[in-house]
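All remarks here apply to the structure that follows.
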Amino acid sequence: FNFLGYNVNVNSLLANPYCKYTECCNDDWIKFRRNRLMRNLTNHVYGQPLLQHAVDALTSHFNPNFQNHKALVLSFHGMTGTGKNYVSNFIADSLYINGVKSKYVHHFIGRLHFPDESKIPQYKEYLYNNLKAAIKDCPRQLFIFDEVDKTPPEVLNSIKPMVDYRDDVDGVNYSEAVFIFLSNIGADVIREHFHDLYFEKGRQREDLQMIDFEFLIQKGAFNEKGGLFHGDIIANSLIDHYIPFLPLQEEHVKKCILNEFQIRNVNLPKPEHVEHVLKFVEWGPDESLLFAKTGCKRLSSKVALLVDKYYRHESRIHNEL
Ligand SMILES: Nc1ncnc2c1ncn2[C@@H]1O[C@H](COP(=O)(O)OP(=O)(O)OP(=O)(O)O)[C@@H](O)[C@H]1O
């Protein structure tokens, strides 16, 4: 309303002052910022054009004009070091003001959280109770399950009711949540298919479509051993989108190396230093040597050593500015 010529927002007058400084379950702290995500993916993630599909899925999930009938479930597949964790963090950053540090972001790592097969019943109970308590506290939660292929399928099956098409489970509604599964399941199929499309059929990486991969991954995820293996989540088609992470080539790895230098305030590293880091990268498969076996992983420590040795002055001056 208008008071003495000033526009007064009743909501902000009534708002809990606690939530001004502390993260709360409201639009001030949780809001999907598509442009922010697009900018980060464009500027920092190399060689993964199919990510646009994940952005579109998130956009429609958070469209206030549509009512969701189930939680959004994305499954990221691909070789190691191609950006699955990296992108999940950008998604968290686009959803929460506190980014990955938000109390509404939860990471579960197969080998770390569910290592012991004899404890499956306890894990199931732990997961169910944990998720339920989180959603009760705030419906807009992000659950990231890393190393899904190293998680016992029974454990993942316990969250099936939460990602299914239902209004609520035990009085709790999960439809606003986002689940992201990360795994190397299907990585070989993706690599082989990409090789065929790119090198044999002359298709450009940027022109590839989801349709080129989605069914392949779904089949691979179902057949390969791992957490999704014969699991209820796939059997019941509860994964909304399978996102393939393509294998990285030399041009992408070089960009990753330059990025690592840039992070350390070295904008123009010497070409021989970039080449030096590149020498540590293993290439495959077999003698084709087309793709980086570990993608852009483990480059940062190599770059850090070089920066410390040759650019200490440059990086210090920038840090002091
Ligand atoms: N496509 C990419 N573009 C730019 N940087 C990347 C890309 N992929 C990976 N990186 C860099 O490599 C690091 C490791 O990647 P990330 O942890 O996302 O791999 P991953 O696909 O999750 O691997 P894994 O399957 O082993 O868990 C990232 O933190 C990032 O710095």
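The residue that is surrounded by the fewest Cβ atoms within 10 Å (Cβ to Cβ), among those in region 94-138 that are in a loop (DSSP other than H, G, I, E, B) and modelled with pLDDT of 95 or more, is ILE97. Listed by first and then second residue, the pairs with beta-carbon distance under 7 Å, at least 6 apart or on different chains, first residue in region 56-69 and within 19 Å of ALA92 (Cβ to Cβ) and among the aromatic types (Phe, Trp, Tyr), second at pLDDT 90 or above and assigned to a loop (DSSP other than H, G, I, E, B), are PHE62/PHE32. Taking each residue of region 274-300 that is assigned to a strand (DSSP E or B) and looking for partners that are among the basic types (Lys, Arg) and surrounded by 17 or more Cβ atoms within 10 Å (Cβ to Cβ) with beta-carbon atoms closer than 7 Å, six or more apart or interchain, yields PHE291/ARG191. If the condition is being more than 7 Å from the ligand (Cβ to nearest atom) and among the charged types (D, E, K, R), then region 76-94 contributes only ASP93. Output yes when any residue across region 291-304 is more than 20 Å from the chain's Cα centre (by Cα), away from the ligand (no atom under 13 Å from the Cβ) and either modelled with pLDDT of 90 or more or assigned by TED's automatic domain parsing to the domain that holds ASN85 (or both), and no when none is. The answer is no, given that none of the residues of region 291-304 is more than 20 Å from the chain's Cα centre (by Cα), away from the ligand (no atom under 13 Å from the Cβ) and either modelled with pLDDT of 90 or more or assigned by TED's automatic domain parsing to the domain that holds ASN85 (or both).
Of the residues making up region 116-133, none is away from the ligand (no atom under 13 Å from the Cβ) and under 18 Å from the mean Cα position of the chain (by Cα). Candidates are the residues of region 177-197 that are surrounded by fewer than 18 Cβ atoms within 10 Å (Cβ to Cβ) and out of contact with any Leu (no Cβ under 8 Å at 6 or more places or on another chain); the one that is farthest from TYR104 (Cα to Cα) is ASP196.
So that you can scan it fast, the table gives a plain yes or no per residue for (1) at pLDDT 95 or above; (2) acidic (Asp, Glu); (3) surrounded by fewer than 19 Cβ atoms within 10 Å (Cβ to Cβ); (4) within 17 Å of the chain's Cα centre (by Cα):
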site	(1), (2), (3), (4)
TYR21	no, no, yes, no
ASP27	no, yes, yes, no
LEU41	yes, no, no, yes
ALA54	yes, no, no, yes
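When region 159-214 is limited to residues that are closer than 13 Å to PHE245 by Cβ and in a loop (DSSP other than H, G, I, E, B), the one that is nearest to the chain's Cα centre (by Cα) turns out to be ASN184.
The values are calculated or read from the model by the stated rules, or taken from the named source; none is laboratory data. Worth saying up front: this structure is predicted, and the values here are computed from it rather than measured. Glycine also receives a Cβ, built like all others from the backbone with ideal geometry; neighbour counts cover every protein chain displayed.
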